[in-house]
1. Of all residues in the stretch 246-298, count the ones that are assigned to a helix (DSSP H, G or I), closer than 22 Å to Cys222 by Cα and among the aromatic types (Phe, Trp, Tyr).
2. Say whether the condition of being assigned to a helix (DSSP H, G or I), of a type in the set (Ser, Thr, Tyr) and closer than 21 Å to Ala110 by Cβ is met by at least one residue in the stretch 220-239.
3. Does Val154 satisfy the criteria of being surrounded by fewer than 22 Cβ atoms within 10 Å (Cβ to Cβ) and closer than 20 Å to Gln67 by Cβ?
4. Of the conditions (1) at pLDDT below 95; (2) more than 15 Å from ligand 2 (Cβ to nearest atom), Glu250 clears all except one; give me its number.
5. Those residues that are more than 16 Å from ligand 2 (Cβ to nearest atom), open to solvent by 20 Å² or more (accessible area, probe 1.4 Å) and assigned to a loop (DSSP other than H, G, I, E, B), I need them from the stretch 74-111; list them, please.
6. Look through the stretch 258-277, keep the residues that are within 16 Å of ligand 2 (Cβ to nearest atom) and touching a residue at least 60 places away in the same chain (Cβ under 8 Å), and return whichever of them is surrounded by the most Cβ atoms within 10 Å (Cβ to Cβ).
7. Tell me which of these Ile59 doesn't satisfy, since it passes every other one: (1) more than 15 Å from ligand 1 (Cβ to nearest atom); (2) open to solvent by 30 Å² or more (accessible area, probe 1.4 Å).
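The values are calculated or read from the model by the stated rules, or taken from the named source; none is laboratory data. Quick caveat, the model's predicted, so the values are computed rather than measured. Cβ coordinates were reconstructed from backbone atoms using ideal geometry, including for glycine residues, and neighbour counts include every protein chain displayed. All accessible areas refer to the heavy atoms of the entire protein, side chains included, with ligands and DNA or RNA removed. Shrake-Rupley method; radii C 1.70, N 1.55, O 1.52, S 1.80 Å.
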Amino acid sequence: MNSLAIAEKNLLKNGYLDIDLDPELDLVAEINRLKKEKNAIILAHYYQESEIQDIADFIGDSLGLSQKASTTKADIIVFAGVHFMAETAKMLSPEKKVLLPDLKAGCSLADSCPPHIFRKFKEKYPEHVVVSYINCTAELKTLTDICCTSTNAVQVINSIPKDKEIIFAPDRNLGAYLQKKTGRKMIIWNGTCMVHEIFSHEKIVKLQNRHPEAKFIAHPECEPHLLEVADYIGSTSGLLKYTKENPAEEFIVATEVGIIHQMQKASPHKTFIPAPPNNTCACNECPHMKRNTMEKLYLCMQYEQPEIHLEDWIIEKGVESINRMLAISENAGLKLAD
Ligand code: 13P
Ligand code: SF4
C-alpha cells in the first residue's frame, strides 16, 4: 500500500491525512497554487494559528464565517476552524465540497449537548422556543428554532415574542449574560467552553494592578464574575473592533489568544496582554482550533479530504435554524465585515 492509501485507511482514526511531507516544501506557495487550481476558498476563524490566518481568504467570527459560507462562489470551502463550523458551511452550501483539515477539531460546547439527550429534555417544554448557540452539532440544529452567535445573540432573543418562553443551549455563561442583557428568563443548558471558563479572576486583578490604564475586555463565553468586571464584552469581531476604536494603549484580553494576531496587526503600537488561566498550562489556546496546521491544510487541499458529509434530512431541517438567524442578523444590520 502506498502512503496515501494507508493515510486514507487511517483517516477516521487520526482525523486527518497523516502523510510525511518533504520538509523543503513551500507550504504557502503550494496552498496558494491549490486555491487557484481548485477554485477553493479558505475561511479561517480568529482562533487559528497566525500563519493559517495569514493565508486565509477570509478571517472572521462565527457569524462572519457562516455569512461568507452562504455566499461564496468557490467550488470548495476549506474550513480552518472546528467541526461545527464546517458542518454549518455544508448546511448553507450543500452543493459545495467542504473540507476540514482535521475532523477531530471539535468543541467542548458542542460535546456538552448530545442531541439524543437534548431531544428528551426538550420534550418536557413543548411550547418553548429553542435558541441554540451555533457552537453545537448539526443534529442539535435540527432540534433548534433559531441559532445565534455571540455577535447576534441579543437580537435573536429580542426577536422572540415576549409571551414565548425560551430554552437556551448549550452555553450557560452566554445564556446567563443574555438573561441579564435582555431581561428574559430562560431555561439554560449546562455547557461551557473549556477555554473561556478557565480564566483566573485573581490573576487578572493582579495584572490590572500592574497595568492600571489597561482595558479589560472579555468574550461572553467567560464566567459571569469576570464579565461583571469587564470594560467591554463582545464576540471576537466585537473585541477586535473595540481595540481598534478605543483610544486605550493596553488591553487585557479574555478570549482565545489567536485573536491577538489580528489585534496586533490592526493596532501595532498598542499592547495586548492575554488574560491568564487559573493554572500553568497554555489553556487560553483552544486545543481543537489548534489541531489545524499548515501541513494538514495543504494535505486536505491536495487530496480533498477529510470532507464533511451530512445526511440530507439534517441539512434540510438544520439549515432552517441557521437561515432564521441570518435573516435576523440582516434585519439588524449585522452585515459581513470586509
Ligand atoms: P465567536 O467567533 O462568535 O466570537 O465565537 C467564539 C468561539 O468560541 C468560537 O468557537
Ligand atoms: Fe469550542 Fe471554546 Fe474551542 Fe470555541 S474556543 S471551539 S467554544 S472549545
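1. Final tally of qualifying residues: 0.
2. Start the filter on the stretch 220-239 by keeping residues that are assigned to a helix (DSSP H, G or I), which leaves 224-227, 236-239.
Going one step further and asking which of them are of a type in the set (Ser, Thr, Tyr), we end up with 236-237.
Checking the rest, the ones that are also closer than 21 Å to Ala110 by Cβ come to 236-237.
Yes, there is a match, as at least one residue in the stretch 220-239 is assigned to a helix (DSSP H, G or I), of a type in the set (Ser, Thr, Tyr) and closer than 21 Å to Ala110 by Cβ.
3. Numbers: surrounded by fewer than 22 Cβ atoms within 10 Å (Cβ to Cβ): yes; closer than 20 Å to Gln67 by Cβ: yes.
Yes: the conditions hold for Val154.
4. It fails just one condition, (1).
5. Passing the criteria: Asp75, Pro94, Glu95, Lys96.
6. Initially, the stretch 258-277 is screened for residues within 16 Å of ligand 2 (Cβ to nearest atom), giving 258-262, 274-275, 277.
Right, trim to touching a residue at least 60 places away in the same chain (Cβ under 8 Å) and you get 258-259, 261-262, 275, 277.
Working: Gly258: 23, Ile259: 24, His261: 20, Gln262: 20, Ala275: 26, Pro277: 17.
The qualifying residue surrounded by the most Cβ atoms within 10 Å (Cβ to Cβ) is Ala275.
7. (1) is the only condition that Ile59 fails.
Yes/no per residue for (1) open to solvent by 40 Å² or more (accessible area, probe 1.4 Å); (2) within 13 Å of ligand 1 (Cβ to nearest atom); (3) not hydrophobic (A, V, I, L, M, F, W, C):
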| site | (1), (2), (3) |
| --- | --- |
| Glu127 | yes, no, yes |
| Ile134 | no, yes, no |
| Glu139 | yes, no, yes |
| Thr144 | no, no, yes |
| Ile187 | yes, no, no |
| His201 | yes, no, yes |
